[in-house]
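J.: Can you read through this structure? Questions will come right after.
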Amino acid sequence: MNEYESAAMWKLYLKSDEGIAVQSIYSKLRDSFIDEEKVYMGIVKYIDYDRELIGRGNSFSPFVHKRKSFEHEREVRAIVTKYPTGDGTAGIDFKQETIVAGLKIKVDVERLIERIYIAPSAPGWFADLVRTLVQKYGYSFEVAQSRLGDQPVY
């Protein structure tokens, strides 16, 4: 939810020079879910766990809180719940498959993406590839090279 591109986020999460960042806004993310699963969203609250408590009364609270030291992320989370099932007579079936690597949730990409930023250090061939793929699949969102690597104007 940063207002500007974050050099720290590129540095933390980009493992090579070839990478992209997808820019969206809260309402576009919310409106992009087209899956049968119910998706809940929340803005992460960054707290000092030694001085503050996670509020009670909302089962999603633990999933939308993080340590203060991550505050630079300004994160939004999308959450899907999968409860254990049971037939009502034998109790809850705890043998149901555990979600380990996440879920595939269908989204309307055109509705979701506002802009794609190409990593500041990405080579020209990578930027061309991203633009070609966006065009090939008929999307209309903007593709822009990050300018964080540009020399400042004095």
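The values are calculated or read from the model by the stated rules, or taken from the named source; none is laboratory data. Model, not experiment: these values are computed from the prediction. Here the Cβ is made from the backbone with ideal geometry for all residues, glycine too, and neighbour counts use every protein chain on show.
J.: Taking the conditions exactly as written (over 21 Å from Ile113 (Cβ atoms) and surrounded by fewer than 16 Cβ atoms within 10 Å (Cβ to Cβ)), does Lys66 satisfy them or not?
T.: It is false that Lys66 is over 21 Å from Ile113 (Cβ atoms) and surrounded by fewer than 16 Cβ atoms within 10 Å (Cβ to Cβ).
J.: Something else now. Would you mention how many residues in the range 121-141 are at pLDDT 95 or above and either under 20 Å from Glu3 (Cβ atoms) or charged (D, E, K, R) (or both)?
T.: Selection size over the range 121-141: 3.
J.: In addition: Among the residues in the range 113-124, are any over 26 Å from Ala8 (Cα atoms) and either part of a strand (DSSP E or B) or not hydroxyl-bearing (Ser, Thr, Tyr) (or both)?
T.: no
J.: Name the pairs whose Cβ atoms lie under 7 Å apart, with the first residue in the range 17-37 and in contact (Cβ under 8 Å) with a residue 24 or more places away in the chain, the second among the polar types (S, T, N, Q), and 6 or more positions between them or separate chains?
T.: Asp17/Ser121
J.: Still on this structure: Do you know which residues across the range 114-154 are of a type in the set (Val, Ile, Thr) and free of Cβ contacts under 8 Å to residues at least 40 places away in the same chain?
T.: The answer is Thr132, Val134, Val143, Val153.
J.: For the range 46-57, give me each residue that is surrounded by 11 or more Cβ atoms within 10 Å (Cβ to Cβ) and either of a type in the set (A, V, I, L, M, F, W, C) or at pLDDT 95 or above (or both).
T.: Tyr46, Ile47, Ile54
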